[in-house]
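Just below is one structure, and these are the notes that go with it.
The values are calculated or read from the model by the stated rules, or taken from the named source; none is laboratory data. Since the model is a prediction, treat every value here as computed from it, not as a measurement. Glycine also receives a Cβ, built like all others from the backbone with ideal geometry; neighbour counts cover every protein chain displayed. Accessible surface is based on the protein model in full, side chains and every heavy atom, while ligands, DNA and RNA are left aside. Shrake-Rupley method; radii C 1.70, N 1.55, O 1.52, S 1.80 Å.
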Amino acid sequence: MPKLQINGQTREVDVEADTPLLWVLREQLAMTGTKYGCGVAQCGACSVHINGEVRRSCSVPVGTVAESDRIVTIEGLSNNRTHPVQQAWAQVDVPQCGYCQSGQIMAAAALLVTRPEPTDADIDAAMTNICRCGTYQRIRAAVHLAAAIGSARKS
């Protein structure tokens with residue numbers, strides 16, 4: 001049985017090696033914050049971090065994830081919604097329907113690790129998740145606000 005490091009805990013799962021990580025998270029471990037959108041790694045609703053890199057979990061077979069790999073889901077980003085991106089999302093009131101937002105938040109959090117003060121072009125290049133409601137302007141504003149919140153915390 002594969003062992004996975006998810007949100008700081010080792011979890012043992014009884015699944016086939018070709019099972020997508022998304023289904024392990026949602027169906028085996030009841031971590032339903034990670035959403036199913038398209039199933040072909042295009043929309044980003046299923047985004048998680050693996051070793052700090054944003055990945056689309058619907059296209060990651062669990063057999064390709066090493067026991068030492070660190071997986072972080074939306075549930076593990078912050079246990080009390082104090083991550084700068086989560087704070088910014090609430091302050092800007094980004095979600096409309098909200099379905100894609102966990103994936104958007106995970107993509108934004110990964111971006112801010114590599115680009116703590118992103119430009120609009122950086123955000124546009126990194127935020128490839130699809131939002132059917134079209135809240136892209138609010139997403140961009142929230143990423144900038146999250147950068148400012150993160151910067152203020154470091155001061």
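Note on the range 20-40: among residues that are without any contact (Cβ under 8 Å) to a residue 24 or more places away in the chain and small (Gly, Ala, Ser), the one that is least open to solvent (accessible area, probe 1.4 Å) is GLY39. Name every residue in the range 1-19 that is in a loop (DSSP other than H, G, I, E, B), open to solvent by 70 Å² or more (accessible area, probe 1.4 Å) and not acidic (Asp, Glu), in order of residue number. Passing the criteria: MET1, GLY8.
Taking into account only those residues within the range 116-130 that are touching a residue at least 12 places away in the same chain (Cβ under 8 Å) and outside any loop (DSSP other than H, G, I, E, B), which is farthest from ARG56 (Cα to Cα)? Filtering first and then ranking leaves ASP120.
Note on the range 116-137: among residues that are touching a helix residue (DSSP H, G or I) at 6+ places or on another chain (Cβ under 9 Å) and hydroxyl-bearing (Ser, Thr, Tyr), the one that is least open to solvent (accessible area, probe 1.4 Å) is THR135. Taken together, VAL72, VAL15 contain a single residue that is of a type outside the set (D, E, K, R) and touching a strand residue (DSSP E or B) at 6+ places or on another chain (Cβ under 8 Å), which is VAL72. Residues of the range 41-59 that are touching a residue at least 60 places away in the same chain (Cβ under 8 Å), in a loop (DSSP other than H, G, I, E, B) and in contact with a strand residue (DSSP E or B) (Cβ under 7 Å, 6 or more places away or on another chain): GLY44 alone. The set of residues in the range 60-115 being in contact (Cβ under 8 Å) with a residue 60 or more places away in the chain, in a loop (DSSP other than H, G, I, E, B) and open to solvent by 80 Å² or more (accessible area, probe 1.4 Å) consists of GLU67, SER68, TYR99.
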